[in-house]
1. Under the 0.36 nm per residue contour assumption, what length would be gained going from the current alpha-carbon distance of L206 and L121 to full extension?
2. Assuming R0 = 25 Å, can you tell me the calculated FRET efficiency for the pair D166 and K63, based on Cβ-Cβ distance, to the nearest 0.05?
3. Just how many % of Cα pairs in the chain lie over 28 Å apart, if you round to the nearest whole percent?
4. Return the percentage of antiparallel bridges among DSSP beta bridges fully within the chain, rounded to the nearest 5 %.
5. Any lysines with Cα under 26 Å of the K26 Cα? List them, leaving off those in the same chain fewer than 8 positions away.
6. On C-alpha positions alone, give me the angle between the axis of helix 292-306 and the longest principal axis of the chain, in degrees, nearest 10.
7. Please determine, in degrees from 0 to 90 and to the nearest 10, the orientation of helix 67-80 with respect to the longest principal axis defined by the Cα atoms of the chain, where the helix direction is its Cα long axis.
8. How big is the accessible area of L204 in square angstrom, nearest 10, if you roll a 1.4 angstrom probe over the protein chains?
Amino acid sequence: MAERARVAIFISGRGSNMAALIYAAKHEECPFEVVLVASNDPEARGLALARAEGVDTFAQSHKGHERAAFDEVMEDAARDARADYIVLAGYMRILSEAFVSRWKGRMLNIHPSLLPKYPGLDTYARAIEAGDSVSGCTVHLVTGELDSGPILGQTEVAILPDDTPDRLASRILIAEHQLYPRVLADYVSRELDPDWLVEKVGELALELPETLARTSHGAPGWRVGTEKSGKFFAYVSIHHHGEEAVALLVKTSGPDEMAALIEAEPDLYYKPAYYGASGWIAIRLDTGEVDWDHIAGWLRKSWSMVAPKKISGLIAIAEEF
Ligand code: GRF
């Protein structure tokens with residue numbers, strides 16, 4: 001199995017979601033491992049459980065620390081544990097913007113409502129008082145605004161006619177324990193999912209001027225120019241021609257450049273079957289750690305190589321501004 005994503009969990013109390021994540025990670029197929037449980041409360045109940053399960057812990061009270069400085073203390077603990085992701089599970093702290101932006105796309109939270117409904121506290125009572133027939137829980141990416149980042153997954157939980165906030169909370173908690181490990185597993189594996197990779201390449205390819213998506217012999221591709229006379233500047237090969245890899249195919253200047261690239265980074269580049277002969281190089285996308293700026297650079301270069309002069313001038317002009 002590929003290396004597992006390293007996850008640090010931040011808690012402030014009971015830690016039942018933390019426990020659900022630790023138990024999920026015991027499954028040998030689970031794509032993440034819990035490398036640290038950290039808390040802003042040394043008395044948090046979850047810490048003892050984490051220790052008993054053999055997970056490293058870190059605890060330091062936030063009292064007397066300035067917000068950003070305290071975030072850095074927690075962040076250092078996560079970095080020391082070489083965490084790829086920070087997962088908030090009942091972590092009762094408002095986070096500084098700088099900290100959130102350093103972990104953009106790599107910090108998740110769970111919230112006990114169907115966001116965007118009821119961010120903040122007292123979600124159960126608010127849902128009951130509003131007369132809602134369902135509530136639930138949401139896993140989302142953490143952004144600068146409280147409980148409002150992109151939603152990764154939700155579970156609906158029916159509200160019963162005689163529900164109290166406590167009873168509703170205990171059922172939502174059951175749903176949370178199912179949802180969080182599943183969503184986290186999907187999220188950390190997304191870069192191994194060919195559909196996700198195609199979507200991501202497509203987003204970058206279509207940012208370039210005068211481009212459109214077009215399938216070619218079953219492979220997703222992107223062209224520059226008009227619907228009729230456009231030319232391909234990129235394809236994604238999903239095990240095409242029996243190859244092992246999922247890779248981006250882009251134009252090089254020719255065999256010399258291709259050979260040099262493959263020699264320098266043989267784990268990243270290869271000469272694809274059939275297309276290789278006409279100057280296309282394959283860049284692996286299935287490594288689990290794609291450098292998307294690098295991919296965007298290649299798309300741009302390939303685009304410039306095949307775009308008609310009057311269009312490729314557009315990029316040069318855009319760059320002058
Ligand atoms: C959960 O209800 C979660 O949705 C919210 O805080 C609570 C944490 O509970 N963010 P636990 O510490 O995971 O048991």
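1. Between L206 and L121, full extension yields 26.6 nm more.
2. Calculated transfer efficiency: 0.30.
3. 53
4. Of all bridge pairs located within the chain, approximately 65 percent are antiparallel.
5. In chain and number order, there are no partners.
6. 20
7. Orientation of helix 67-80: about 70 degrees from the principal axis.
8. Probe radius 1.4 Å; accessible area of L204 about 30 Å².
The values are calculated or read from the model by the stated rules, or taken from the named source; none is laboratory data. Bear in mind the structure is a predicted one, so any value in this text is a computation, not a measurement. Note that we place each Cβ from the backbone using ideal geometry, even for glycine, and neighbour counts take in every protein chain shown. What goes into the accessible areas is simple: the full protein's heavy atoms, side chains included, and nothing from ligands, DNA or RNA. Shrake-Rupley method; radii C 1.70, N 1.55, O 1.52, S 1.80 Å.
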